[in-house]
1. Report relative contact order for the chain in percent, whole number only (criteria: Cα-Cα under 8 Å, sequence separation at least 6).
2. How do the peptides 95-101, 127-133 rank, highest first, by the average count of neighbouring beta carbon atoms within 10 Å per residue?
3. Could you tell me how far the Cα centroid of the range 225-275 sits from the Cα centroid of the range 132-146, in Å?
4. Contour minus end-to-end for residue 259 and residue 330, with contour as 0.36 nm per residue of separation and end-to-end as the Cα-Cα distance?
5. Cα to Cα, under 16 Å, and not fewer than 8 places away if on the same chain: which lysines meet these conditions relative to residue 224?
6. Using the crude model of +1 on Lys and Arg Cβ and -1 on Asp and Glu Cβ, and no other charge, please compute the dipole size for the chain relative to its Cα centre, in debye to 20.
7. For residue 71, which aspartates and glutamates qualify as cross-link partners when the Cα separation must be under 17 Å and same-chain residues fewer than eight apart are set aside?
8. Could you give the alpha-carbon Rg of the chain over 2.2 N^0.38 Å, rounded to two decimals?
Amino acid sequence: MLYREMNDNQRRVFIDTVQLYEALGAALQKNRSYKGGMHWKKAKGREYLFRSRDRYGYGKSLGPRSQETEKILADFRRAKQQAKSRLSALKDRLKEQARFCRAAMIQRVPRTVAAILRVLDQYNILGRNVIVIGTNAMYAYEAAAGVFFDRSMMSTKDMDILWDTRSKLTLVTNSNRKPDGLLGIIRKADRSFEVIRSGDFRAVNRDGYMVDLIKPFPKKIMEKEPIRIGGADDLKAVEIRNLHWLISSPKFEQIVIGDDGRPSLIIVPDPRTFALHKFWLSSQDDREPVKKQRDRAQAMAVGKLIIEHLPQYRFDVAELRMFPLEVVQKATEFFDLS
């Protein structure tokens, strides 16, 4: 059995959790719109209402003190407090919801992976500069379909992060301190992550869990691309052939449930792209036999999932033009789509 379907209670808890997470996201955005403050500022003997945007005092004047500006200030303070209260209440509800997720046994994503996803999203690079590929991407597909893949197929001790160097990278955070590269970011999730060898593409934590930074080969052999997100101590991305298939794929966004019962956003390649890439890997002569067998099993599992639960993702040659036609045609036979 490649996967089993959620029961009615699991679906209900999952839907409730996703809706609550989305409400929290909206509340966070609303709360951020009140960043800074509003206060009176004296200039040339008169008071002006000033809207500051950050701790450095940047902002603009909203006009001299009057009934109108006093009302603006009162409305701002009231709305800011309401946004803060709503955000706090939703955070408390989400903590409580985590208990229901664990009780319903829908917590699937390893705690370390879920924590890394949250900080990648927090620093605004998930989906913009990096996506998750490999086995962990399957958590997105199963959640979207309302199923659970067999645990043996999902077991892994590493997380593959694919870097799209075409996109300008800007670390955005509410904090004034920005981490140094990917290593700095994943250390926000787990401080024990270390690069074992200088210039390596892999970080390992105290439990032996690995995070790999990978990227496609440049399209032009002589073209120079960045190899680190941060400074010299950061992970050095390793180049792997044909990853441009995944980079060129439409992105697939999904809320998943971490082992702690808390939701996280994950962004991965289109499920068809995953299945085709895994199928291609399984046919490579230089691939280790054990990995080839696992690749083929995962390709079959996701392919079957698409056919039975995600029919909107048709294996259409026109939509899969990032792949060589030969790969698509062989996969069509493999998934019995003819």
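1. Numbers: 511 pairs, mean separation 58.0, N = 338.
Normalised by residue count, the contact order of the chain is 17 percent.
2. Values: 95-101: 15.9, 127-133: 21.6.
The peptides rank, most packed first, as 127-133, 95-101.
3. A separation of 12 Å, based on Cα centres.
4. On the way: separation 71, 0.36 × 71 = 25.56 nm, distance 3.69 nm.
Separation in residues times 0.36 nm, less the Cα-Cα distance, equals 21.9 nm.
5. The reachable lysines, counting only those whose Cα sits under 16 Å from residue 224, are 168, 215, 236.
6. On the way: 62 positive and 42 negative charges, 446 e Å.
With only Lys, Arg, Asp and Glu charged at Cβ, the dipole is about 2140 debye.
7. Counting by Cα, and skipping residues close in sequence, residue 71 has these aspartates and glutamates nearby: 47.
8. On the way: Rg = 23.6 Å, N = 338, 2.2 N^0.38 = 20.1 Å.
That works out to 1.17 for the chain.
Every number in this text was worked out from the coordinates using simple rules, so none of it is lab data. Source: prediction; values computed, not measured. Glycine gets a Cβ as well: all are built from the backbone with ideal geometry, and neighbour counts include every protein chain shown.
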